[in-house]
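Accompanying notes for the structure given below.
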Amino acid sequence: MKSNIMAALLAVNLSPTFAATNATNSGTTEGVAVEASGSSLEAVKETPAQRDARMAWWHEAKFGLFIHWGIYSVPAGKYGTNTTYGEWIMHSAKIPVEKYHEFAEQFNPVKYDPQLWVKTAKDAGMKYIVITSKHHDGFALYPSAASKWNIADATPYKKDLLGPLVNAAKAEGLKIGFYYSQSQDWNNPGGAKKGFNEGDGWDDAHKGSFDEYLKNVAVPQVKEILTRYPIDILWWDTPIQMTPQRAAPLAALTKLRPGIIMNNRLGGGFRGDTGTPEGYVPVTGYPGDWETCMTLNGHWGYNAYDQNWKSSTDLIRKLADICAKGGNFLLNVGPTSDGEFPPACVERLQAVGKWLRVNGESIYGTQRGPFPYLAWGTATRKGNMLYLHVFDWPQDGKLRVPLGNKVQSAKLLATGENLAVKNLDGKVVIDVPANAPDAAASVIALRFDGEPVTEPLPTAGAKATASASIPGNGPENAIDGTGEKRWRAPLEAKSAWLELELKQATTIGAFGLDEPDTWPRMKQKFKLEAFVDGEWKMLAEAKTSGHGIKQTITPVNAQKFRLTMECDNGSPGVAELQLYLAE
Ligand code: GLC
């Protein structure tokens, strides 16, 4: 058994040290978001310089379009009286295979215009597209010889949807990637179904052997997409039932497209190239390459009833914040079954594009900024330029930047205006006009000398203790500055605390905490207290969304801080806790 795994690994040039996390049967992507730091298929043969070269376009690109398109766009979110479904509709409503296939008879996207889709992405400032070639419902958007459940054999449209998009993207200089659901497949017999035992399902028609499914459907289909289409990214998902042996043949196939980038959701311990925080911007960022994927409303697949759209201001700020933390942004559109992007999506994409045409140099090709926290916004970096994204424009005409370097110039990108700037008390102070030129984010390009000099985090060098910890998940992990390792209390704990004793009493004005990337989300109740005048004083109390939280507090001077967490669906814990200096 063991030697089989080794043989499989060697066949794909994988480092045998890959096995940080392993396949899970639960479908959770827990942990995957932070474990893609530098490991790749070519781990053995690829030097860091070669890896950088392979990833170069992706580092430059920063902003991409995710497209979730398939048969689920026909019911458009509705089944029976329930209108809350998305691409999971078949699974959530337990629709039998034959019944689900009826939707395919109505999938005839005659308005599909791949050139227009590409133009919309390009005008939005997006540099790459990732489209579902097969989602969990098993439906292939291209003619597949491995399964009749595909666009050519199962719909009136009968033609390939993917080839024309690939060509249109390439013609416009955009990169193109395919999402492929390698484990879950609710139509082809034997495919995994979240929440069901291996081989099982809600309809006899899709029960069967998972290994047969991999051999007869997943492997041949991945081979088809990799040989037919010149794709730049392979985006795996939900590695349910994956093991190193099962994943290895799929990983091996990626050699068919030298230079391809893959995410960290193949499973079987294959870490891939990119982490995939889903639906949130990690509060403290992650080391290595990662990409936040996010919906524009609350669904990936088209839902005609969900009009809960994120505002363009929110999207612009998220893009800036993701880049400031070193990530990419993959923003999703769920097209209709006619083949169109919902107008609300187009509107928002246009607004982001308009902003990027003015401020693009603060996004493309930038690296993580040097500040863990800025009260007024966020900052990206490119060499000796810092791009300050100001969300909250200063009322007193002075923008304070906690940077110790000598600064050469400051320029407002929106107007081209050069701003007066000076060094004062170890900070950079910029004179800004009375009003923000851009309500979403005004960008100031700051040219500085040398490497950025910033204040250390107040939590650096602090002493961390906890009421309880799982071995290997000690409290020190919560302040290691990376968000990579976690402090977690044992499951029985339900409620647990983490205490930080700073090196000295410090005035704290904000805090940030990152939660482990679990599914379902941890949504922890927490309270943060400070030890002041001999007693614990409450600073903040709330429930998270499961994606961590960043918040200002009434400034407090203290040396000891205590975070108490309660979790209903897992053991309490944080990936990182940071305290920030008051302004
Ligand atoms: C999830 C979901 C899915 C969606 C995806 C996007 O894991 O299963 O429907 O495609 O993530 O990140």
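For segment 319-335, 3J(HN,Hα) computed residue by residue from phi via the Karplus equation (6.51, -1.76, 1.60; θ = phi - 60°) reads 4, 4, 5, 4, 5, 4, 9, x, x, 10, 10, 10, 9, 9, 10, x, x Hz, glycine and proline entered as x.
Can you give the convex hull volume per residue for the Cα atoms of segment 352-506, as a whole number of Å³? Intermediate values should be presented prior to the final figure.
Details: hull volume 25.4 nm³, N = 155.
So the per-residue Cα hull volume is 164 Å³.
Just by accessible area at a 1.4 angstrom probe, what is the order of L491, L413 from largest to smallest?
The ordering from most to least exposed comes out as L491, L413.
Separation of the alpha carbons by more than 20 angstrom is noted, of K122/K354; K119/K170; K45/K170, for K45/K170.
Normalising by the residue count of segment 377-448, find the relative contact order in percent from Cα pairs under 8 Å and 6+ residues apart.
Details: 151 pairs, mean separation 29.3, N = 72.
So the answer I get is 41 percent.
Charges were assigned to the Cβ only: +1 to each Lys and Arg, -1 to each Asp and Glu. The resulting dipole of segment 417-575 about its Cα centre is roughly 380 debye.
Annotation: amide H of E291 within the under-5 Å range of G275, T276, N328, sequence separation 5 or more or interchain, hydrogens built in the peptide plane.
Given a 1.4 angstrom probe, I'd like the percentage of the accessible area of segment 31-360 that is carbon and sulfur, rounded to a whole number. Working shown, then result.
On the way: 5460 of 10750 Å².
Carbon and sulfur atoms account for 51 percent of the accessible area of segment 31-360.
With only the Cα atoms considered, segment 377-448 has a convex hull volume of 79 Å³ per residue.
Computed on the chain, with alpha-carbon pairs under 8 angstrom and 6+ residues apart, the relative contact order is 14 percent. When the pairs K134/K215; K62/K159; K422/K560; K94/K159 are compared against a 26 Å limit on Cα-Cα distance, K62/K159; K422/K560; K94/K159 fall above it. Charge dipole of the chain (Cα centre as origin; +1 on each Lys and Arg Cβ, -1 on each Asp and Glu Cβ, all else neutral): 780 debye, rounded to the nearest 20.
Treat segment 482-583 as a sphere of radius equal to its Kirkwood radius over Cα pairs and apply Stokes-Einstein at 10 °C in a medium of 1.306 mPa s; give the translational diffusion coefficient in µm²/s, rounded to a whole number.
The diffusion coefficient I find is 116 µm²/s.
Antiparallel beta bridges, as assigned by DSSP with both residues in the chain, represent about 70 percent of the total such bridges.
Could you tell me which of rounded, prolate or oblate describes segment 78-200, using a ≥ b ≥ c as the square roots of the eigenvalues of the alpha-carbon gyration tensor, with rounded for a/c under 1.5 and, failing that, prolate when a/b is larger than b/c and oblate otherwise? It would help to have the intermediate numbers written out before the result.
On the way: a/c = 1.79, a/b = 1.77, b/c = 1.01.
Verdict is prolate for segment 78-200.
With a ≥ b ≥ c the root eigenvalues of the C-alpha gyration tensor of segment 264-349, is it rounded (a/c under 1.5), prolate (a/b larger than b/c) or oblate? Oblate shape, in that a/c is at least 1.5 and b/c is the bigger or equal ratio.
Computed with every protein chain present, the accessible area of C567 is close to 0 Å² [probe 1.4 Å]. Rounded, prolate or oblate: pick one for the chain, where a ≥ b ≥ c are the square roots of the eigenvalues of its C-alpha gyration tensor, a/c under 1.5 means rounded, and failing that, prolate if a/b is larger than b/c, else oblate. Since a/c reaches 1.5 and a/b is larger than b/c, the shape of the chain is classed as prolate.
Can you give the extra length, in nm with one decimal, that the chain gains between A344 and E198 once fully stretched, where that is 0.36 nm per residue apart less the Cα-Cα distance?
Working: separation 146, 0.36 × 146 = 52.56 nm, distance 4.00 nm.
Here the segment from A344 to E198 would lengthen by 48.6 nm.
The values are calculated or read from the model by the stated rules, or taken from the named source; none is laboratory data. On a predicted model such as this, the values are computed, not experimentally measured, just so you know. Because the Cβ atoms are built from the backbone with ideal geometry, glycine has one as well, and the counts that use them run over all protein chains shown. All accessible areas refer to the heavy atoms of the entire protein, side chains included, with ligands and DNA or RNA removed. Shrake-Rupley method; radii C 1.70, N 1.55, O 1.52, S 1.80 Å.
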